[in-house]
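What follows is a short report on a single structure.
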Amino acid sequence: MGLVTGIGMGAAGAAATWFNRRGDGPPPPTGTKPAAITALSTTTTTAQATTTTTATITTTTPVAAVVIPVICRDAWGAQPSTGDYVEHQVTRITIHHTARLLEANSAAPARLRQHQEYHQGLGWPDLAYHYVVDAAGNVYEGRPVTAKGDTATEYDPAGHLLVCCEGNFDEQEIPQHQYDALVRVLAWACAEFGIDPRAITGHRDHAATSCPGKALYRTLAAGALEAAVGGYAAEKFQLESLCGEPGRAAVGDIEAGKLNTGNQSPASDV
């Protein structure tokens, strides 16, 4: 799958560089502020008068990108697609949950493999979603963004970027790191596909379902998620693919509990 590549992160530990909106990590880089540089004054003397001219030069510093590490399909153990994808163009974003309680985040990669197996057993070519975010804020690559997602409900997901959070948010609150990572993925997607944050929806907005769960949907209904995503409008985001050995090492660390030490308390702004 073609991802937007960004700043290189050659070690598995790069996957743990999570940026937290509320105090557990450094804030995202600030936007660019022009710096005014005043040149030296020049003086010209003639027989009639003396004229002084001052030139002002404005420079800008390139905005540093906020990197979102994404664990590649090969790294989390995805199986090849079992059929052809239906191509589409992303015009909107819809949030899902897996509706399965995740008690230990070390099980997240295995759970993702189970989801893919179940979805392919339904006759779908692949995992239904384009991106999945686990409880610690790790982001996983699903099917290509150019491929239409799948659903067992009655809405047509053509044009929808499907972003799924691991967990059952009818029974649990969304952890802070998971919420923070979700916000950043959504902010990247809004910029990448030209989508207004007000157009972000939940699965239940399109079908008879409780998905993405009452706790996560509350962030949509209250406008908190829209505001959080809109707060990043001036930022630049890039997806960093963790593939091959670095990606497998990152997954190994997740399964060993080494990348699961993030803020697991309920999100404080939802």
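Computed quantities for the displayed model
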read-out	value
Filter result for T94 (in contact with a Cys (Cβ under 7 Å, 6 or more places away or on another chain) and closer than 21 Å to D170 by Cα)	no
Exclusive hit being of a type outside the set (S, T, Y), within 20 Å of the chain's Cα centre (by Cα) and open to solvent by 10 Å² or more (accessible area, probe 1.4 Å), set H177, H119	H177
Given (1) more than 30 Å from A256 (Cα to Cα); (2) not in a strand (DSSP E or B), number of the condition L161 does not satisfy	(2)
Residues satisfying the stated conditions in segment 198-251, i.e. within 26 Å of P69 (Cα to Cα) and among the acidic types (D, E)	E226, E235, E240, E245
Selection within segment 187-207 - in a loop (DSSP other than H, G, I, E, B), aliphatic (A, V, I, L, M) and surrounded by 18 or more Cβ atoms within 10 Å (Cβ to Cβ)	I195
The lone exception for D156 - which of (1) open to solvent by 10 Å² or more (accessible area, probe 1.4 Å); (2) in contact with a strand residue (DSSP E or B) (Cβ under 6 Å, 6 or more places away or on another chain); (3) modelled with pLDDT of 95 or more it fails	(2)
Extreme residue, surrounded by the most Cβ atoms within 10 Å (Cβ to Cβ), among residues of segment 91-106 that are within 14 Å of C165 (Cα to Cα) and of a type in the set (A, V, I, L, M)	I95
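The values are calculated or read from the model by the stated rules, or taken from the named source; none is laboratory data. The structure displayed is predicted, hence computed values, not measured ones. Quick reminder, even Gly has a Cβ in these numbers, built from the backbone with ideal geometry, and neighbours come from all protein chains shown. Side chains are part of the model used for accessible areas, which takes the heavy atoms of the whole protein and leaves out ligands, DNA and RNA. Shrake-Rupley method; radii C 1.70, N 1.55, O 1.52, S 1.80 Å.
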